[in-house]
Amino acid sequence: MPSLFPALSRAVLHPLICIFMMQAVVTMAIYSLSVIIPVASADLRISPESVGFYVSAIYATSTVTGLFSGQLVNRFGARLLFRLMLLLTAMAVLVLYFSSPLALIAMAAMLGVASGPLNPTGSQVLAQVTPKSQRALVFSLKQCATPAGGVLAGIVLPSVMLTAGWRVAMFTIVVAAVLFAIVNALP
């Protein structure tokens, strides 16, 4: 009986793990506003019900920037593009510290720009290093990073928020994004 999870070579496993972690951090940043809004809405001067507008703005911007993924990868290369997306994610979260509706709009736009090329760039990298017989598994694993980012947002942020406040909780995303941008070692 064939193995459900065939052994992945280091040439596949290393970029898969890196891409998974980067995609999970960016997705965590996207979901973060929905998680912190019950506590942070007064500081941010918005109603909790308006969070849907900001999430919609993130995905609208992401959709548009995703269309330019091919040109961005060709111009900057996957490694630099991933770093730029992670640093833009960190900056987007830091913008939130200005605590205003305008800061939320800027955050949404920046997160949309950061997340749009993320999935196509990861797919391009993995398509180059993954044998055809393992692509379905590898791409499925990569896609699990999106729900993993949601899980991280739902577990990490409330825990930190309850003990140290929403700003410290959001700063965990900044630290993770900058850390992954620095240690990103994609081939």
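Across every pair of different alpha-carbon atoms, what Kirkwood hydrodynamic radius in Å does the stretch 1-112 reach?
Numbers: mean 1/r = 0.0634 Å⁻¹.
Roughly 15.8 Å, rounded to one decimal.
By the scheme Lys and Arg +1, Asp and Glu -1, what is the net charge of all other residues having a beta-carbon under 11 Å from that of A127?
Working: positive: K132, R135, K142; negative: none.
Value of the local net charge: +3.
Per DSSP helix of 4 or more residues, -39500 (n - 2.57); summed, then divided by the residues of the chain. What does that give at 222 nm, rounded to the nearest 500?
Details: 9 runs with 151 residues, N = 187.
Mean residue ellipticity at 222 nm (helix-derived): -27000 deg cm²/dmol.
Based on the mean of other Cβ atoms within 10 Å per residue, sort peptides 28-37, 10-19 so the most packed one is first. Don't skip to the answer; put the middle values down first.
Details: 28-37: 23.8, 10-19: 17.2.
Sorting 28-37, 10-19 by mean packing, highest first, produces 28-37, 10-19.
Let's test the formula: R0 of 35 Å, r as the Cβ-Cβ distance of Y59 and V168. What FRET efficiency results, to the nearest 0.05? All intermediate terms of the calculation are to be shown ahead of the outcome.
Numbers: r = 27 Å, r/R0 = 0.76.
Working from the Cβ atoms, E equals 0.85.
So what is the accessible area of the stretch 1-105 per residue, in Å², with the probe set to 1.4 Å?
Values: 5460 Å² over 105 residues.
The answer is 52 Å² per residue.
Of the heavy-atom accessible surface of the stretch 38-134 (probe 1.4 angstrom), what whole percent is carbon and sulfur? Before the final figure, lay out each step's value.
Numbers: 3230 of 4730 Å².
So the carbon and sulfur contribution to the accessible surface is 68 percent.
Rolling a 1.4 Å sphere over the protein heavy atoms, what is the accessible area per residue of the stretch 118-187, to the nearest Å²?
Values: 3390 Å² over 70 residues.
On a per-residue basis, the stretch 118-187 sits at 48 Å².
Hey, with R₀ at 22 Å, roughly what FRET efficiency would F98 and F76 work out to, going by the Cβ-Cβ distance, to 0.05?
Working: r = 28 Å, r/R0 = 1.28.
Here the calculated transfer efficiency is 0.20.
So what's the stretch 112-161 giving for Cα Rg divided by 2.2 N^0.38 Å, two decimals?
Numbers: Rg = 14.0 Å, N = 50, 2.2 N^0.38 = 9.7 Å.
Ratio of Rg to 2.2 N^0.38 Å for the stretch 112-161: 1.43.
Counting only Cα, what are the radius of gyration and maximum Cα-Cα distance Dmax of the chain, in Å?
17.0, 59
The values are calculated or read from the model by the stated rules, or taken from the named source; none is laboratory data. The structure displayed is predicted, hence computed values, not measured ones. Positions of Cβ are generated from backbone atoms using ideal geometry, with glycine treated the same way; all protein chains shown enter the neighbour counts. For the accessible areas, the whole protein counts, side chains as well, though only heavy atoms, and no ligand, DNA or RNA atoms are used. Shrake-Rupley method; radii C 1.70, N 1.55, O 1.52, S 1.80 Å.
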